[in-house]
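Following: one structure in structure tokens, then a few remarks.
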Amino acid sequence: MESRENIIEIRDLTKSYGKKRGVESISLSVKEGDIFGFLGQNGAGKSTTIRSMLGLIHYQKGEIHMLQMDAVRDQKEILRQVGYMPSEVLFYPSMKVKDVIAFAARARKRDCFNEARRLCGIFQVDGEKKIEELSLGNRKKVSIICAMQHRPKILILDEPTSGLDPLMQEAFFELILEYNRQGTTCFLSSHVLSEVKSYCRHAAIIKDGKIVRTDSVENLLKSDVRCVKIKSGGRKKEFVYTGKMEELIHELAGMQVEDVLIEEPSLDEIFRHYYEK
């Protein structure tokens with residue numbers, strides 16, 4: 001299999017907000033052509049990491065390279081080749097949808113008319129409406145179009161499907177796969193585990209501003225973590241176990257276990273395991 005270069009590389013990133021948590025000494029890399037999931041609960045540090053990557057906030061320590069360029073020194077050139085969709089969508093409320101989309105294209109000095117029109121058709125967006133007339137879900141669609149219309153080399157998506165109905169979520173991920181087949185690398189920040197399991201190839205789990213696990217989604221699902229369900233004394237108990245199997249069996253032997261089930265956990269259970277440690 002062809003080896004690909006790191007298109008995103010973060011080394012020892014630290015961003016502190018004083019008493020408020022940011023991120024601490026996090027490192028991760030994303031290969032060109034990957035669909036990479038960035039998993040964490042709200043407040044874990046996902047948005048701080050992304051805003052640091054895009055040069056939208058200043059960080060105290062570390063290095064970030066995107067497209068083999070320095071995220072601080074080469075910010076303008078990086079932003080021309082990146083599509084970013086923030087978790088919270090804010091536009092000028094009195095602008096028409098078509099003008100917002102055209103404004104985003106001009107910011108990158110690109111003619112995106114045909115692709116923007118195609119995306120508006122897919123998402124059923126009315127370009128003549130004003131932003132203030134749109135629901136949250138429709139504003140989200142406009143944000144997707146602004147991020148994707150110039151066919152970026154990297155798509156950075158922060159909680160992209162919140163506010164979208166199931167049909168639009170499906171259409172969105174079909175587009176992600178289409179763009180990815182054509183060479184776009186996707187960095188998907190989410191706490192929706194089913195999305196990461198279904199569409200991402202690699203993922204990192206962030207907790208309290210620190211990376212606790214980075215691996216392929218396949219390996220995450222093949223983790224040495226096990227979900228144990230037992231019935232003892234008429235009571236049922238369920239827990240996640242990561243130790244040696246012989247130690248678990250020895251412990252269960254002294255508990256008068258009536259029934260036991262040991263199985264590989266779902267991604268949800270693995271995620272919960274790291275958050276309950």
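Look at the Cα gyration tensor of segment 212-277: its axes a ≥ b ≥ c give a/c of at least 1.5 with a/b over b/c, and that counts as prolate. What is the Cα centroid distance between segment 24-93 and segment 185-205, reported in whole angstrom? Answer, in whole Å: 15. Averaged over its residues, the chain has an accessible area of 54 Å² per residue, based on protein heavy atoms and a 1.4 Å probe.
When peptides 151-157, 190-196, 106-112 are ranked by their average number of other Cβ atoms within 10 Å per residue, the highest-first order is 151-157, 190-196, 106-112.
For Lys229, the lysines whose Cα falls under 20 Å of its own Cα, not counting residues fewer than eight places away in the same chain, are Lys237, Lys244, Lys277.
In segment 1-75, what GluC sites (Glu not before Pro) fall in a loop by DSSP, with at most 11 other Cβ atoms inside 10 Å? Of the GluC sites (Glu not before Pro), the ones in loops of segment 1-75 whose Cβ has at most 11 other Cβ atoms within 10 Å are Glu2, Glu5.
When the chain is modelled as a GNM with alpha-carbon springs shorter than 10 Å, which of Glu218, Glu246, Glu174 fluctuates the most? Maximum fluctuation in the GNM of the chain, among the listed residues, is at Glu246. Taking the square roots of 5 times each eigenvalue of the Cα gyration tensor of segment 6-221, largest first, gives ellipsoid semi-axes of 27, 19, 17 Å. Checking the cross-link pairs Lys20/Lys46; Lys197/Lys222; Lys31/Lys141; Lys153/Lys210 against a 18 Å limit on the alpha carbon distance flags Lys31/Lys141; Lys153/Lys210 as lying beyond it. Largest mean-square fluctuation among Gln256, Gln60, Gln41, in a Gaussian network model of the chain whose springs join Cα atoms under 10 Å apart, belongs to Gln256.
In a reduced charge model with +1 at each Lys and Arg Cβ and -1 at each Asp and Glu Cβ, the chain shows a dipole moment near 980 debye about its Cα centre.
Each of Gln60, His202, Ala102 was scored by the projection of its Cα onto the charge dipole of the chain, and the greatest displacement toward the positive side belongs to Ala102; charges sit on the C-beta of Lys, Arg, Asp and Glu. Across the accessible surface of segment 6-221, with the other protein chains kept in place and a 1.4 Å probe, carbon and sulfur atoms take up 49 percent. Looking at segment 74-155, the GluC sites (Glu not before Pro) that sit in a DSSP loop and have at most 14 other Cβ atoms within 10 Å of their own Cβ are Glu88, Glu128.
The values are calculated or read from the model by the stated rules, or taken from the named source; none is laboratory data. Quantities reported herein were computed from a predicted structural model and do not represent experimental measurements. Backbone-built Cβ (ideal geometry, glycine too); neighbour counts: all protein chains shown. Calculation scope for accessible area: heavy atoms of the full protein, side chains included, ligands and nucleic acids excluded. Shrake-Rupley method; radii C 1.70, N 1.55, O 1.52, S 1.80 Å.
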